[in-house]
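Below you'll find the structure, written out as structure tokens, and then a few comments.
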Amino acid sequence: MEQVRDLFLTTPAVRRQWQTFLDDHGIHDFSEQETAGLDATLGLYDGQGQLVGTGSVAGQTIKYLAVNEDPDAPAGARFNQLVSALESHLAAAGIFHLFVVTKIQYQQSFEHVGFQTLAKTDQGLILEKGRPDINDYRQSLPKAPATTKRRAAIVMNANPFTKGHRYLIERALSQADFLYVFVVSEDVSLFTSEERLALVKAGTADLDGLAVVPGGPYMVSYLSFPAYFIADQEQAVTFQTALDISLFKDQIAQPLGINLRVVGSEPHSRTTAIYNQQMKKYLPPTVQVLEIPRLTLADGQSVVSATTVRQKIASGDLAALVDYLPSCTQAFIHQHLQTLQARLKKGSKTDAN
Amino acid sequence: MQIKQSALAGTLESSDVQIMLSPAKQGIQFDLVSDVAKQFGDQIKATVLAVLAAYDIDQVTVKVVDKGALDPVIKARAITACQRALAIADQPQWEVL
């Protein structure tokens with residue numbers, strides 16, 4: 001009788017067996033930052049006690065899935081058994097909306113058990129199952145007036161909202177009838193996602209023709225673009241940016257009629273530079289890409305960047321921030337300086353996006 | 001009636017069916033994935049809807065992934081999903097059975 005059991009990877013022998021099994025199935029990335037995030041790992045054992053399949057969950061994402069199919073059983077039997085065990089595990093934890101990032105060869109298997117493809121590139125794809133899904137997300141967004149033809153989008157982390165972000169938004173508005181500002185929802189930055197969203201809203205309250213909305217799990221999230229939050233190899237970055245961009249194009253831009261994506265030029269971050277480059281490759285002709293040079297200080301040299309702002313918060317050099325920040329963000333930082341500095345000490349790095 | 005929480009019942013193994021209920025604001029939205037949807041789709045839907053009706057649930061999103069389950073299996077899984085979604089898994093509604 002085949003059995004699904006918990007695998008405890010902290011046990012060296014179990015860990016070795018698990019890693020060897022995955023290695024044989026073409027999964028080789030066992031870096032600490034990947035494996036530390038796994039909440040649970042299940043193993044499928046056959047009648048002889050051999051490991052014949054495994055899969056893990058990290059948050060709401062299925063990872064490290066590999067199966068040896070039984071040649072005598074109907075195709076996909078073990079795969080289905082494992083996926084359904086993982087789903088039950090997540091359901092028991094109250095998670096009914098899940099994702100999987102996987103290789104092209106597994107697309108059919110996942111679609112066969114009710115997953116829907118969100119985005120696909122030559123190297124891999126993202127699928128989703130459960131609610132609230134991408135349709136619910138799209139419906140939660142404010143509608144652009146039907147008369148607007150030129151609809152633009154900006155995706156920003158705004159950690160925190162600077163005059164540079166404001167400048168980018170104003171420039172985008174001058175090019176478009178309506179503008180969606182998607183604020184990254186992932187909560188791994190110095191400023192929490194609520195704080196960032198609230199500051200962008202406050203800092204643009206006087207402008208018309210735009211909607212400031214959370215990006216949800218769909219835009220520059222851990223799911224679609226983990227390298228934005230953790231340093232990674234260039235190849236991984238290229239793959240992830242392609243997935244993130246294809247998700248934006250197919251699931252967000254096309255249904256909402258967005259035909260312009262506005263980005264700030266990126267002189268410092270290698271990852272963001274690759275991202276911008278990939279956008280120009282994949283988005284046109286459906287969506288035009290407009291890269292706007294960064295706002296500079298009065299000296300015409302130093303760019304207004306949120307990274308600099310975070311460094312100044314760390315050093316307590318608030319007077320210097322006047323040139324960088326709109327009044328809403330300044331006020332927020334003055335009010336919450338101690339909290340922010342405490343967060344910085346606790347480990348949110350100033351250099352992480 | 002609306003459900004209290006999302007709920008999952010059943011598995012994706014052969015001869016079983018997996019039923020997921022999620023809260024919705026309006027009406028019943030039904031989505032079926034099955035190899036035999038063409039032949040038995042209507043019957044599977046009718047069985048699940050009958051159970052929902054027995055629990056007075058009329059605002060819900062239903063996702064069914066069928067792996068060739070027989071009617072009594074579908075009914076049993078639907079009942080379990082409803083009991084869980086209404087947070088009454090410990091108080092079986094015998095009259096529904």
Discussion item. Suppose we compare each residue of segment B:6-27 in its chain alone and in the full protein complex with a 1.4 Å probe; which ones drop by at least 40 Å² of accessible area?
Written reply: B:Ser6, B:Leu8, B:Leu12, B:Glu13, B:Met20
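What is the sum of charges, Lys and Arg at +1 and Asp and Glu at -1, for the other residues whose Cβ falls under 12 Å from the Cβ of A:Ala298? Walk me through the numbers before you get to the answer.
Values: positive: A:Lys163; negative: A:Asp299, A:Asp323.
Charge balance near A:Ala298 sits at -1.
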Worksheet, complete the sentence: Total charge of the residues flanking A:Glu2 in space, meaning their Cβ is under 13 Å from its Cβ, with Lys and Arg +1 and Asp and Glu -1, is -3
Worksheet entry | Across A:Lys120/B:Lys67; A:Lys120/B:Lys45; A:Lys201/A:Lys249, pairs whose alpha-carbon gap is larger than 29 Å | A:Lys120/B:Lys45
Discussion item. Give me the percent relative contact order of chain A, please, defined on Cα pairs under 8 angstrom at least 6 residues apart.
Written reply: 13 percent
Item to complete: Tabulate in residue order the Karplus-calculated ³J(HN,Hα) for segment B:65-70, using 6.51 cos²θ - 1.76 cosθ + 1.60 with θ = phi - 60°, rounded to whole Hz; enter x for Gly and Pro.
Response: 10, 9, 10, x, 6, 7
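What does the charge count near A:Leu51 come to, summing +1 for each Lys or Arg and -1 for each Asp or Glu among other residues with Cβ under 15 Å from its Cβ? Walk me through the numbers before you get to the answer.
Values: positive: A:Arg5, A:Arg15, A:Arg16, A:Arg78; negative: A:Glu2, A:Asp6, A:Asp23, A:Asp24, A:Asp46, A:Glu69, A:Asp70.
Within the 15 Å Cβ shell, the charges total -3.
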Response to the item:
Looking only at lysines whose Cα falls under 17 Å of B:Lys4's and that sit 8 or more positions away or on another chain, we get B:Lys25, B:Lys63
Item to complete: Write down the accessible area per residue of segment B:7-86 in Å², having rolled a 1.4 Å probe over the full set of protein chains.
Response: 45 Å²
Practice prompt. Quantify how strongly other chains surround peptide A:166-174 by giving the mean number of their Cβ atoms within 10 Å of each of its Cβ atoms.
Written response: 0
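Counting partner chain Cβ atoms within 10 Å of every residue's Cβ in A:121-134, what's the average?
Working: counts 0, 0, 0, 0, 0, 0, 0, 0, 4, 6, 9, 4, 3, 0.
For this peptide, the per-residue mean of nearby foreign Cβ atoms is 2.
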Fill in: MRE, 222 nm, helices only [DSSP H, n ≥ 4, -39500 (n - 2.57), over chain A, to nearest 500]
-11000 deg cm²/dmol
Worksheet item: What is the magnitude of the charge dipole of chain A about its Cα centre, with +1 placed on the Cβ of each Lys and Arg, -1 on the Cβ of each Asp and Glu, and no other charges, expressed in debye to the nearest 20?
Response: 1140 debye
Item to complete: Please give the average number of partner chain Cβ atoms lying within 10 Å of the Cβ of each residue in A:79-88, rounded to a whole number.
Response: 4
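Compare A:Tyr282, A:Tyr275 by solvent-accessible area with a 1.4 Å probe and give them largest first, with all protein chains kept in place.
Values: A:Tyr282 90, A:Tyr275 15 Å².
The ranking, largest first, comes out as A:Tyr282, A:Tyr275.
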Item to complete: Given the peptides A:10-16, A:44-50, A:54-60, arrange them by the average over their residues of other C-beta atoms within 10 Å, most packed first.
Response: A:54-60, A:44-50, A:10-16
Worksheet entry | 1.4 Å probe, heavy atoms, protein only - residues of segment A:91-107 losing at least 20 Å² accessible area vs chain alone | A:Phe96
Discussion item. What does the buried accessible surface come to for B and A, summed over both chains, with the probe at 1.4 Å? Round to 100 Å².
Written reply: 1300 Å²
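Leaving out ligands and nucleic acids, note down the accessible area per residue over chain A with a 1.4 angstrom probe, in whole Å². Numbers along the way, then the final one.
Numbers: 16080 Å² over 353 residues.
For chain A, the per-residue accessible area is 46 Å².
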Item to complete: Show that you can apply the helix-only estimate: for chain B, add -39,500 (n - 2.57) for every DSSP H stretch of four or more residues, divide by all residues, and state [θ] at 222 nm to the nearest 500.
Response: -11500 deg cm²/dmol
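Can you send over the carbon and sulfur percentage of the accessible area for segment B:7-86, probe radius 1.4 Å, protein chains only?
Whole-percent figure for carbon plus sulfur exposure: 52.
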Worksheet item: Expressed as a whole percentage, what fraction of the accessible surface of chain A belongs to carbon and sulfur atoms when a 1.4 Å probe is rolled over the protein heavy atoms?
Response: 50 percent
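The values are calculated or read from the model by the stated rules, or taken from the named source; none is laboratory data. All values reported here derive from a predicted model rather than from experimental measurement. Backbone-built Cβ (ideal geometry, glycine too); neighbour counts: all protein chains shown. For the accessible areas, the whole protein counts, side chains as well, though only heavy atoms, and no ligand, DNA or RNA atoms are used. Shrake-Rupley method; radii C 1.70, N 1.55, O 1.52, S 1.80 Å.
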